[in-house]
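J.: Quick one: the structure is below, questions incoming.
The values are calculated or read from the model by the stated rules, or taken from the named source; none is laboratory data. Keep in mind it's a predicted model, so treat the numbers as computed, not measured. FYI the Cβ positions are ideal-geometry reconstructions off the backbone, even for glycines, and counts take in every protein chain you see.
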Amino acid sequence: MMDFIVIPILALLAATAVTVARIRNLWAAVMFTGIYSFLSASWMLILDAPDVAFTEAAVGAGITTILMLATLSLTPRRQRKSGRLSSEDFEERPSKSPLLPLLIVTITGCALVYGTFDMPHFGDPNAPIQVYPNPSFVEKSQPDMHGLPNVVTAVLASYRGYDTLGETAVIFTAGIAVLLILRKNTDDQSSSESQSVTGENA
Amino acid sequence: MTPENLIWVAMLLPLVAIALVFIVGEKSPNIRESCTIGISVALFWVTTRLAGFVFSGGRPTFKLGEMLPGFEIAFTVEPLGMLFALVASGLWILTTIYAIGYMRGHHEKNQTRFYACFASAIFAALAAAFAANLFTLFVAYELMTISTYPLVTHHGDEKAKKGGRIYLGILLSTSVAFFMLAIAWTWTVAGTLEFTPGGILAQPNIDGKISDFQLSVLLGLFAFGIGKAAIMPFHRWLPAAMVAPTPVSALLHAVAVVKVGVFSILKVSIYIFGIDLISETRLGEGANPVMMSDWLCYLAGATILIASLVAMTKDNLKARLAYSTVSQLAYITLGAALATSDSVIGGGMHIAMHAVGKITLFFCAGAIYVGAHKTNISDMRGLGRAMPLTMGAFLLATLSIIGLPPGGGAWSKWFLALGTVQTGHFWLLAALMVSSLLNIAYLIPIPIRAFMTPIGETPMKFKEAPMMCVVPLCITAVGSVVLFFFGNEIYDVLLPIASSAR
Amino acid sequence: MIEQLPVLVIVIPLMAAPLFVLIGNRKLVLLLTQLVCWTVFGITVSLLSRMQYGPISYELGGWPSPYGIVYSVDYLSAFVMLFVSGLAAIVITYAPKSIDQEVHHSKHSLFYASYLLCMTGLLGMCITGDLFNVFVFLEISSLSSYALISLGKTRRAPLAALHYLIIGTVGATFFLIGIGLLYQMTGTLNMADIASRLQAVESSRTMLVAFAFMTVGLFIKMAVFPLHTWLPNAYTYAPSVVTCFIAATATKVSVYAFIRLIYVIFTPQFAFERLPLDQALMAFSLVGIFVASTAAIYQTNIKRLLAYSSVAQIGYMLLGISMSNVGGLTAGISHMFNHALIKGGLFMVVGCFALRIGSLKLEDLRGAGKTMPLTSFAWVVGGLGLIGVPMTAGFVSKWLLLTSALSLELWPVAVLMLLSSLLAVVYIWRVVEILYFSPASHLAQTAKEAPMAMLIPTYIVIGSTIVFGCWTVYSAGIAQAAAKSLLGISQAGGIQ
Amino acid sequence: MTEILGLYNYWIVIFLMMTGFYIVIARENLIKTIIGLNIFQTSVFLLYITMGKVTHGTAPILKASHGGESHGVEHGVEHGAEHGHELHAAAEGHVDLGVDAVKEVYSNPIPSVLMLTAIVVGIATTALALALVVRIREEYGTIEEDEILEMDRNS
């Protein structure tokens, strides 16, 4: 029953990904990325991960898209030529051969597919991940976390609390980094700066 | 002081010299040089004291510590190393005096660096001479390479840089590619690197950890790895190093550096392989198996002859002396490769004999350069009138190098010749004979020509180099003759290194 | 307090960083950064000194092992943390003058905060016993290092940072895929727990792929040839101080993570017997050593020269790891330490040149030996260490590697390894000749000697390469203890 | 055949990941590359989430009907925390209740937990990358990689 929803979503996901790969118009690519995130979020919802789905929808489809659009508004909008979305936007670039990347990707993909053959099947309730540790997180989190109904939140705040701390640190790092990168050098430094060409390498 | 203390005092003195030289620096050259002389005299005194203990049978040992688990820096003094240390420290005094005359007479730059590097080279030579194991020897050997590099490139011009590149390139690459490999191999099969009378490889050979053929390969790694012994084809660095100021060529490239090379080869053949192992291991099947070191004997013989022939073609005096050194060093390697008790003693003796003789020749070359600004032999006609002392000393030293009495070299060559006969290498005996003739041919004409006034020209006026240059070379020239009369004593002193192997 | 040490290593700098942003006063922040770095160094010293009583396992928040995250300190991680924090501290002590010149004043407090975060990330990767946590810390250190690199003075710096970001993120994502597969087959993220549950599924194809992905991910981060393309530009265009720190520590921590991957999570049997990884590693590292060293010879920028040399040196570490015996592993681990010191020291020397000469092109450095004698001499000493001349730290690791290769009768490896160090002679000596035996360039002619505030830390690091070359109890000794514990050999065992 | 049924989800995810990876390494334009990274990472999130799914399971949010029982457990724990030695007993007491609670099949919460962190890491990386792109655009006036390289060669 579920398959009637899942299969179209998966098909759409694949189609979106391929479109992003082929499209040359950056605005369109960004929009398709947003759509991709949104489709992923839908599938995550079906896969019983509502927390991740909501976050992905908000962060992936929302914030990322906004950031990218903001960047695009500061930078050229087209990858090369201007104009509306047209067949030209899907042209292959003559300068670069896509063969090598394609080869690498194929090999990597085949390796991964090879790896799936011994994986527990999708949804298998006896997969190691479902039976270990025992008692499971769902069971254990109840007494430990005073019965917080959302196990994901409970685990985030308790057992893997330090991941959450690290996550905060990551955001903080990125914040500092963006500030560092984008902050203008407000006052001109002494003339010594201009004559320094430390990293220059002709 | 106990002999153990003497060891570290001896090693410390050059380091003190380096520190003093740097502290005093360019500000007052007189104090700087007197420090060096003072310390070199003190060092010589310490080594003679030490020699007293060692030659009467003592084997003082001093352990500095473990550098790596199982690899110690340790020093044990035995007669061969003692002799080498004596020669190096004794000649350091004379060279320092000579260097003062030469460097000032020549207004050389960077003299502080010069004296500091000189002292560190002496330190390395002492460390090598006293090394108790192969690991320490290797460390000292590399230290020597590094500390002499700035001396070779002293002038800093394009020629000096090129010379320095060849010098460092060959010495460092051979030592890293072959010597280090050989040491590591020795360690893996023998489990020790200690210099042991009788060698450490005999047992692994019996145990089958290293076959006879592999022993021969290992010997090759050592012989080529110790590039300072200047066995052909790795001899190019020595002529290249002649761009250095003459005192450097004199002490380092006639005594310290090259002698560390042949000294290491002797040490390896006596204390790592053991001369019995070398002489008794035969390669090949059938009625006439060859000695495992045979190829090295013939290579040394070839080096002796070829280097002598090349020397004859050189007109530049220092270049001719350099090739002569290559040839003479091969004598010592030959002594090690023949591995009879007489040949190793002859090799050991030749370290001292050749050192004193060759340093005199280099001193003379430098004095001629300072006094008369001549470097080419063809220009030296009639120079004997102007510089009689220098050329007289040259003649005396020549006798020693050729191996004619009353030169000290006569003894060492005699024992080496005995060695060839004992092992039945008659071709090598012939090579030695031919080489002596070649020596006469390329060395004797120089003083003879100098003393003959060319017809139709007015004799040159008497004009010797500064006294600081002339006195040391006279002393060493006399020394090379005096050594002839002490041949027996040196033999006795060195006898333990050969007999301990038996 | 003592029991809390493992967590303090991470928490102190992690908490200090936001504080710095709030303070904003660059002098105060600098002082605090130095204080924090040295404190963390002190903690790692005391952690290492406690190793003789056995490894420490610290359960964060008190949650037991398969549920919560565990910090585990053993000889190896304590040793790596020690030199990471030590070098972070000494580099930041050295840094102020150089940063003043190369980074705009208004960015200083942010810069120091990033620096601390980078160190925290690296330390976190070392200390954590949880695979996913490794990923999180890897990202903390990576993100901050991207930002730090982008601060270089030229316009190429942001581009180099972006390239590093792209390649680095691909690497991290590969690592994440590997973690996912591993998690799926074992149901746990705790390294020790994975190891104990791995036997059952070891022969599965999924395990192979998981291992391969994590390996490739780490190879990218440690710049193994041919995945090193990000490194030369990143090192060349970053501010000098950043290059010092990152070159000395970041790749080493990835090597550390790789050692953990092979020896703690998977087994050497899995990696080297089921997979021919040892031969592959040897081949890769030898090719990498030769290609990168040769590339270094042809560089005209001293920083880029050292960057290529770093790529080559990673090869020696992998060579040691691939031998999977005590000797080889000891060599690999001690080369991590020795190379961190040597390369850190050399880049500090380069920082001094950058400060006074302003250019790092080799032609502009001509004759600097006259005007900057102390700095140039430090280059010579550090360079000798890189070549592996006796009495330097570099010799120790090369010697260990050589003897261990010979004890395994890997003759070609031994010979090639020795030959490759000749290439190091060429590229180091080229610079020495330029410094000492060339007519001075006009930039070098007018240069002053570097300030003492930079020279003293430089000489401490360079001097320590000599100290650890002569006295190896605390370098090779600890490395050997770490190697033995990784291989499960009792500490009392004899010397290899 | 069962293989295909059991694994096709993974294969689709792998296809998505590789599409993202391809965009990254095809290296056309800096922003395009970042988009590629984004798709690559998002697909990895999908890989994890796919692992956590249990057939006929539901999201790991305990049903309200169990709220009362959980509440009871809470008391037990607090009680146990006050008297450490009783904790064990309290936990055991819970397991009985827990069996009741997990009659409902839940999908595994851990992949979700991990991916929440990973999403944050992903957006952090993207933001940083975009900031760098803005900087590069300021410096070079373009974001085409080959044009930039061309300019560097000529400078």
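Okay, residues lined up against (1) out of contact with any Asp or Glu (no Cβ under 8 Å at 6 or more places or on another chain); (2) within 21 Å of residue B:226 (Cβ to Cβ):
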site	(1), (2)
B:165	no, yes
B:169	yes, yes
B:187	yes, yes
B:190	yes, yes
B:196	yes, yes
B:199	no, yes
B:206	yes, no
B:211	yes, no
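J.: Of the residues that make up the range C:142-163, is at least one part of a helix (DSSP H, G or I) and closer than 24 Å to residue C:332 by Cα?
T.: First, the residues of the range C:142-163 that are part of a helix (DSSP H, G or I): C:142-149, C:156-163.
Among the residues that remain, those that are also closer than 24 Å to residue C:332 by Cα are: C:142.
Checked against the condition, which is being part of a helix (DSSP H, G or I) and closer than 24 Å to residue C:332 by Cα, the range C:142-163 yields at least one hit.
J.: Could you list, ordered by first residue, the pairs with Cβ atoms under 6 Å in which the first is in the range A:28-50 and more than 7 Å from every other protein chain (Cβ to nearest Cβ) and the second is among the acidic types (Asp, Glu) and assigned to a helix (DSSP H, G or I), at least 6 apart or interchain?
T.: Note: pairs meeting the criteria are A:41/A:56.
J.: Report whether or not residue C:429 is within 26 Å of residue B:162 (Cα to Cα), within 11 Å of chain B (Cβ to nearest Cβ) and either surrounded by 24 or more Cβ atoms within 10 Å (Cβ to Cβ) or out of contact with any Gly (no Cβ under 7 Å at 6 or more places or on another chain) (or both).
T.: Values: within 26 Å of residue B:162 (Cα to Cα): yes; within 11 Å of chain B (Cβ to nearest Cβ): yes; either surrounded by 24 or more Cβ atoms within 10 Å (Cβ to Cβ) or out of contact with any Gly (no Cβ under 7 Å at 6 or more places or on another chain) (or both): yes.
Criteria met by residue C:429.
J.: Ok, one more. Looking only at the range B:149-198, count how many residues are at the interface with another protein chain (Cβ under 8 Å from one of its Cβ atoms) and among the small types (Gly, Ala, Ser).
T.: Counting residues in the range B:149-198 that are at the interface with another protein chain (Cβ under 8 Å from one of its Cβ atoms) and among the small types (Gly, Ala, Ser) gives 7.
J.: Say we look at the range B:259-284 and pick out the residues that are part of a helix (DSSP H, G or I) and of a type in the set (S, T, N, Q); which of these is farthest from residue B:322 (Cα to Cα)? Please lay out each step first, then the result.
T.: Narrowing the range B:259-284 to residues part of a helix (DSSP H, G or I): B:259-273, B:275-280.
Then drop every residue that is not of a type in the set (S, T, N, Q), which leaves B:264, B:269, B:279.
Working: B:264: 20, B:269: 25, B:279: 31 Å.
The residue in question is B:279.
J.: May I pose another question? Suppose we filter C:371, C:300 for residues that are touching a strand residue (DSSP E or B) at 6+ places or on another chain (Cβ under 7 Å) and touching a residue at least 24 places away in the same chain (Cβ under 8 Å); which single one remains? Break it down into steps so the answer makes sense when it comes.
T.: Numbers: C:371 fails: touching a strand residue (DSSP E or B) at 6+ places or on another chain (Cβ under 7 Å).
Going through C:371, C:300 in turn, just one is touching a strand residue (DSSP E or B) at 6+ places or on another chain (Cβ under 7 Å) and touching a residue at least 24 places away in the same chain (Cβ under 8 Å): C:300.
J.: With the structure loaded, tell me whether residue D:49 is assigned by TED's automatic domain parsing to the domain that holds residue D:148, modelled with pLDDT of 80 or more and under 16 Å from residue A:124 (Cβ atoms) or whether it fails that test. Steps first, please.
T.: Numbers: assigned by TED's automatic domain parsing to the domain that holds residue D:148: yes; modelled with pLDDT of 80 or more: yes; under 16 Å from residue A:124 (Cβ atoms): yes.
In short, yes.
J.: Which one of the conditions (1) part of a helix (DSSP H, G or I); (2) at pLDDT below 80 does residue A:180 fail to meet, given that it meets all the rest?
T.: Condition not satisfied by residue A:180: (2).
J.: Helices (runs of 4 or more DSSP H) wholly in the range B:200-258 with at least 1 residues that are surrounded by fewer than 19 Cβ atoms within 10 Å (Cβ to Cβ) and on the phi < 0 side of the Ramachandran plot - which ones? I'd like the intermediate steps shown before the answer.
T.: Working: elements: B:202-207, B:212-225, B:237-240, B:246-251.
In the range B:200-258, B:202-207, B:212-225 are the helices (runs of 4 or more DSSP H) which contain 1 or more residues that are surrounded by fewer than 19 Cβ atoms within 10 Å (Cβ to Cβ) and on the phi < 0 side of the Ramachandran plot.
J.: Of the residues that make up the range C:179-187, is at least one within 9 Å of another protein chain (Cβ to nearest Cβ), β-branched (Val, Ile, Thr), assigned to a helix (DSSP H, G or I) and touching a Phe, Trp or Tyr at 6+ places or on another chain (Cβ under 9 Å)?
T.: Start the filter on the range C:179-187 by keeping residues that are within 9 Å of another protein chain (Cβ to nearest Cβ), which leaves C:179-181, C:183-187.
Now narrow it down to the ones that are β-branched (Val, Ile, Thr): C:179, C:186.
Remaining after also requiring assigned to a helix (DSSP H, G or I): C:179, C:186.
So of that shortlist, the ones also touching a Phe, Trp or Tyr at 6+ places or on another chain (Cβ under 9 Å) come out as C:179, C:186.
So far as the range C:179-187 goes, yes, one or more of its residues are within 9 Å of another protein chain (Cβ to nearest Cβ), β-branched (Val, Ile, Thr), assigned to a helix (DSSP H, G or I) and touching a Phe, Trp or Tyr at 6+ places or on another chain (Cβ under 9 Å).
J.: State whether one or more residues within the range C:222-239 are farther than 21 Å from residue C:330 by Cβ, in contact (Cβ under 8 Å) with a residue 12 or more places away in the chain, among the hydroxyl-bearing types (Ser, Thr, Tyr) and not in a helix (DSSP H, G or I).
T.: yes
J.: Still on this model: Among the residues of the range B:304-317, is there at least one that is touching a helix residue (DSSP H, G or I) at 6+ places or on another chain (Cβ under 7 Å), under 12 Å from residue B:358 (Cβ atoms) and part of a helix (DSSP H, G or I)?
T.: No, there is no match, as no residue in the range B:304-317 is touching a helix residue (DSSP H, G or I) at 6+ places or on another chain (Cβ under 7 Å), under 12 Å from residue B:358 (Cβ atoms) and part of a helix (DSSP H, G or I).
J.: Within the group C:315, C:327, which residue is modelled with pLDDT of 90 or more, crowded, with 22+ Cβ neighbours inside 10 Å and either among the aliphatic types (A, V, I, L, M) or not in a loop (DSSP other than H, G, I, E, B) (or both)?
T.: On the way: C:327 fails: modelled with pLDDT of 90 or more.
Being modelled with pLDDT of 90 or more, crowded, with 22+ Cβ neighbours inside 10 Å and either among the aliphatic types (A, V, I, L, M) or not in a loop (DSSP other than H, G, I, E, B) (or both) holds for just one of C:315, C:327, which is C:315.
J.: Given the structure, is residue A:143 over 23 Å from residue C:186 (Cα atoms), of a type outside the set (Val, Ile, Thr) and buried (at least 19 other Cβ atoms within 10 Å of the Cβ)?
T.: Details: over 23 Å from residue C:186 (Cα atoms): yes; of a type outside the set (Val, Ile, Thr): yes; buried (at least 19 other Cβ atoms within 10 Å of the Cβ): yes.
When the stated conditions are applied, residue A:143 passes them.
J.: Among C:435, C:418, which is the only one that is in contact (Cβ under 8 Å) with a residue 12 or more places away in the chain and more than 7 Å from chain B (Cβ to nearest Cβ)?
T.: Working: C:418 fails: more than 7 Å from chain B (Cβ to nearest Cβ).
After applying the criteria, what remains is C:435.
J.: Can you tell me which condition residue C:266 does not meet? The list is (1) under 19 Å from residue C:405 (Cβ atoms); (2) touching a residue at least 40 places away in the same chain (Cβ under 8 Å), and all the others hold.
T.: Evaluating residue C:266 over (1) under 19 Å from residue C:405 (Cβ atoms); (2) touching a residue at least 40 places away in the same chain (Cβ under 8 Å) leaves (1) as the failure.
J.: Going by the structure shown, is residue B:128 in a helix (DSSP H, G or I), closer than 24 Å to residue B:84 by Cα and at pLDDT 90 or above? Step through it out loud before you land on a result.
T.: Working: in a helix (DSSP H, G or I): yes; closer than 24 Å to residue B:84 by Cα: yes; at pLDDT 90 or above: yes.
Against the criterion (in a helix (DSSP H, G or I), closer than 24 Å to residue B:84 by Cα and at pLDDT 90 or above), residue B:128 qualifies.
J.: Considering only the range A:123-163, state which residues are within 7 Å of chain D (Cβ to nearest Cβ) and either in contact (Cβ under 8 Å) with a residue 40 or more places away in the chain or touching a Lys or Arg at 6+ places or on another chain (Cβ under 7 Å) (or both).
T.: Matches in the range A:123-163: A:123, A:150, A:152.
J.: Let me ask something additional. Consider residue D:45 carefully, then state whether it is facing another protein chain (nearest Cβ under 7 Å) and either surrounded by 23 or more Cβ atoms within 10 Å (Cβ to Cβ) or of a type in the set (Ser, Thr, Tyr) (or both). Steps first, answer last, please.
T.: Working: facing another protein chain (nearest Cβ under 7 Å): yes; either surrounded by 23 or more Cβ atoms within 10 Å (Cβ to Cβ) or of a type in the set (Ser, Thr, Tyr) (or both): yes.
Against the criterion (facing another protein chain (nearest Cβ under 7 Å) and either surrounded by 23 or more Cβ atoms within 10 Å (Cβ to Cβ) or of a type in the set (Ser, Thr, Tyr) (or both)), residue D:45 qualifies.
J.: Quick one: in the range D:106-139, which of the residues that are among the hydrophobic types (A, V, I, L, M, F, W, C) and more than 7 Å from chain A (Cβ to nearest Cβ) is surrounded by the fewest Cβ atoms within 10 Å (Cβ to Cβ)? Before you say what the answer is, go through the steps one by one.
T.: Kept after step one, since they are among the hydrophobic types (A, V, I, L, M, F, W, C), are these residues of the range D:106-139: D:110, D:113-116, D:118-121, D:123-124, D:127-134, D:136.
Narrowing the set further to residues that are more than 7 Å from chain A (Cβ to nearest Cβ) leaves D:114, D:118, D:129, D:136.
On the way: D:114: 28, D:118: 29, D:129: 27, D:136: 25.
This residue is D:136.
J.: Further question: Could you check the range C:383-496 for helices (runs of 4 or more DSSP H) lying wholly inside it with 3 or more residues that are among the aliphatic types (A, V, I, L, M) and within 25 Å of residue C:361 (Cβ to Cβ)? Give the derivation first.
T.: Numbers: elements: C:393-407, C:411-436, C:442-445, C:452-470, C:476-487.
The helices (runs of 4 or more DSSP H) meeting that bar are C:411-436, C:452-470.
J.: Same structure, new question: Within the group C:423, C:455, C:402, which residue is more than 23 Å from residue B:170 (Cα to Cα) and aliphatic (A, V, I, L, M)?
T.: C:455
J.: Does any residue of the range C:394-407 turn out to be surrounded by fewer than 20 Cβ atoms within 10 Å (Cβ to Cβ) and on the phi < 0 side of the Ramachandran plot? Talk me through it step by step, then tell me what you get.
T.: Taking the range C:394-407 as the starting set, the residues that turn out to be surrounded by fewer than 20 Cβ atoms within 10 Å (Cβ to Cβ) are C:407.
When the remaining residues are screened for being on the phi < 0 side of the Ramachandran plot, the result is C:407.
The answer is yes, given that some residue of the range C:394-407 is surrounded by fewer than 20 Cβ atoms within 10 Å (Cβ to Cβ) and on the phi < 0 side of the Ramachandran plot.
J.: Still on this model: Can you find a residue that is surrounded by fewer than 20 Cβ atoms within 10 Å (Cβ to Cβ), touching a residue at least 12 places away in the same chain (Cβ under 8 Å), closer than 26 Å to residue A:182 by Cβ and more than 7 Å from chain D (Cβ to nearest Cβ) anywhere in the range A:18-27?
T.: yes
J.: Separate question: If a residue has to be surrounded by fewer than 24 Cβ atoms within 10 Å (Cβ to Cβ) and part of a helix (DSSP H, G or I) to count, how many in the range C:294-303 make the cut?
T.: So the count comes out to 3.
J.: Look at residue C:109 and say whether it is assigned to a helix (DSSP H, G or I), within 30 Å of residue C:153 (Cβ to Cβ) and in contact with a Ser or Thr (Cβ under 8 Å, 6 or more places away or on another chain). Spell out the reasoning first.
T.: On the way: assigned to a helix (DSSP H, G or I): yes; within 30 Å of residue C:153 (Cβ to Cβ): yes; in contact with a Ser or Thr (Cβ under 8 Å, 6 or more places away or on another chain): no.
No.
J.: For the range C:71-107, which positions are in contact with a Pro (Cβ under 8 Å, 6 or more places away or on another chain) and among the hydroxyl-bearing types (Ser, Thr, Tyr)?
T.: Of the range C:71-107, the ones in contact with a Pro (Cβ under 8 Å, 6 or more places away or on another chain) are C:71-75, C:90-91, C:93-94, C:97-99, C:102-103.
Those that are in contact with a Pro (Cβ under 8 Å, 6 or more places away or on another chain) and among the hydroxyl-bearing types (Ser, Thr, Tyr): C:71, C:72, C:75, C:93, C:94, C:98.
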